[in-house]
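Here is the structure we will look at, set down as structure tokens.
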Amino acid sequence: MYVWRDSVTVSANTPDPAWKANSDLRSLGEALMRISRLLHEHTRKLEVAVEGTYAGESGDPRVRLLSDSLRISRTADLELGRLNQGAQRVLLTLQEQLEQSSQAFPRPPTSQFSHPSASAVSSFEREREALNTSIDNLKRQRSELETLYEIARILNSTLEFDKVLRLVMDEVIRVVNAERGFLVLVHPVTKELTFEIARDKLARTIDRDEFKFSIGTVKRVVSTREPLLTDDAQVEMKAQESIVAYGIRSIICAPLIVRENCIGAVYVDSRINANLFGPKHRDLLVAFCHQAAIAIDNARLFADLSQALRTVEEDKQYMDNIFTSIANGVITTDPSGIITKFNDAAGNILRINPISAIGRHYRDVFRGLTQVGLVELLQNAPMQHEHGTIVPGSVDCEIPGRGPVNLSLYVSSLRDAQNTPIGMALVIDDRTELKRAEAKVKDIRRIFGRYVHPNVVQQLIENPNALNLGGETREISVISADVRGFTRLSENVPSKDVMNLLNTYLEIMVKAIWDEEGTVTGFWGDALMAIFNAPLPQEDHALRAVRAAWKMRLAVLEHQRSQPLDVPVAFGFGVNTGEAMVGNIGSRERMQNYTAIGDSVNVSSRLESNASDNNILLNHSTFTRVRQHIRVTKLPPLTVKNKTEPLDVWCLVGWI
């Protein structure tokens, strides 16, 4: 069939250009629809996948899925761009042909010749409009995917709980263009709602006293686990007084759900604009909350893990501090004998650097201490495990850098619940100082136990540093006492009776000395000597010496009155105060005696030898220290042996 167009014949089999363009455009539309369906299917898969658990940006399968979706979206966009360019070329070709046809051949009056071209143009316009709409939808979807991908990247950038909460709120406000946002979490134990954070569109934190929003909306969303969207809250939700009172216009609230548990909700609103949010904002917020819930849950788990790690570290530090502060040496090994713990006390006891010992075998570390026997002890520990802790007893030896030591060793083979060896523990109790202290106590008791009051002995034991047995110069007060007429007494009384008589009187006088905490330094036949202000300091030593001498005199007289049948005995007493050398004198290996030597001791003896029966003579140095307490009689100057000047002497007659 042929159609006549102004003397131009066109074959019916020849394709009309408009029809050809229409066909091309239909092909393009079908291709676009196929791509669009593919993208939509992938988007649905993405929405399901993001409900999993994030593990990190680089290894998280959900983040990789988002990345794949974004790549597919971009590929589709490029293909659509090329298709659009093809459609534009077809359009230009069609327009040129129509213009050429209109110019070369006038339009026939019959409408049947013009109708196909007009129909083709109209169809083309519809296809172009559909094409543009599809392209716009794809671009919007790509933008949303890019937004979700960026949100996932941001939320996975940190595991710090507070920072995650701030990022969540700032991103959601930005995405939906809200005025402000609130994040509410369900307490994992009490299940009560806790308001964690509130932010405004300028990324500022809202104070708690400004938390004026619809709490009823949040409770409803958490309860139903369904998102809520209002176009105009003043109209749709006017029954809620808080919405009306706070002037809230637009609201979106979506639940935070992870692993089938609702852990809270995200609430955003506007007090300025109604109809601010639409279904696309709601859907975007729901997708966002899926990711936010995972990020918040991960941050919570990380915070709990961090707290647990801090607790473990604190406990470890606590145990390390205890381990370090233990006075005993503690050494532990693993099953192969490698030292794992070596505290400072063990280092001080054995003179080994703990740092150099850790990580080495005990045989290498203790090779130079064969005298202590540590290697043999540790070797035998696993074999003797059934006997419990091995206690070989006290070890006396010398350690280089320390000298003689006394150590008690305890070693145990460590086993787990299945009785498998897991190492050994060695405890070293350094008893060196204790042994030295015990030896010093023995020396104190040996030297002073017979000469000073038990209270003084106890003070010396409690404070042995106050004692200088090697000898020192200090001011003391000395009492010398002697029996008058002892030679004549020995001639007339049997020796045994004389011995018993002397012991009786000396015991009476020693008691008087001890009452004043004096030290009896020696007995010489019928004489005795006592000192004050040694070995322990006594500020009132002169007064104590005078009181002791007076008590001795009274005790002797009282005994004579109570025992009239005993042979009457008289004493002479001399008291002097001055410097002397005090300390141990005698053989170190045989016998030593704590005593005093010097001029002040000699003067006391000279005073005693010049005292008449039961009188007490005081030298000037003693008198001046006690004059306010006593009554005395001034005696003539006394010339004594080995003194160039006579002594000023007073005779004690009573007390004030």
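The values are calculated or read from the model by the stated rules, or taken from the named source; none is laboratory data. All values reported here derive from a predicted model rather than from experimental measurement. Virtual Cβ from ideal backbone geometry, glycine too; neighbours counted across all protein chains shown.
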Q) Just wondering, is there one or more residues in the range 296-315 that are surrounded by fewer than 12 Cβ atoms within 10 Å (Cβ to Cβ) and on the phi > 0 side of the Ramachandran plot? A) no
Q: Name every residue in the range 448-480 that is modelled with pLDDT of 75 or more and polar (S, T, N, Q), in order of residue number.
A: Q458, T473, S477, S480
Q: Find the helices (runs of 4 or more DSSP H) located wholly in the range 199-311 whose residues include 3 or more that are at pLDDT below 80, and list them.
A: 233-236, 241-246
Q: Determine if the range 340-354 includes at least one residue that is basic (K, R), in contact with a Lys or Arg (Cβ under 8 Å, 6 or more places away or on another chain) and not in a helix (DSSP H, G or I).
A: yes
Q. Quick one: what pairs do we get from the range 419-437, first residue at negative phi, second in a loop (DSSP other than H, G, I, E, B), C-beta under 7 Å, 6+ apart or different chains?
A. P421/P335; P421/P382; I422/P335; I422/D416; M424/A381; V427/N328; I428/N328; D429/N328
Q) Does the range 287-299 contain any residue that is free of Cβ contacts under 8 Å to residues at least 24 places away in the same chain and either among the acidic types (D, E) or touching a helix residue (DSSP H, G or I) at 6+ places or on another chain (Cβ under 6 Å) (or both)? A) no
**Q.** Residue satisfying condition, being of a type in the set (D, E) and crowded, with 18+ Cβ neighbours inside 10 Å, within set E608, E558
**A.** E608
Q) Within the range 534-542, is there a residue that is at pLDDT below 90 and surrounded by 19 or more Cβ atoms within 10 Å (Cβ to Cβ)? A) yes
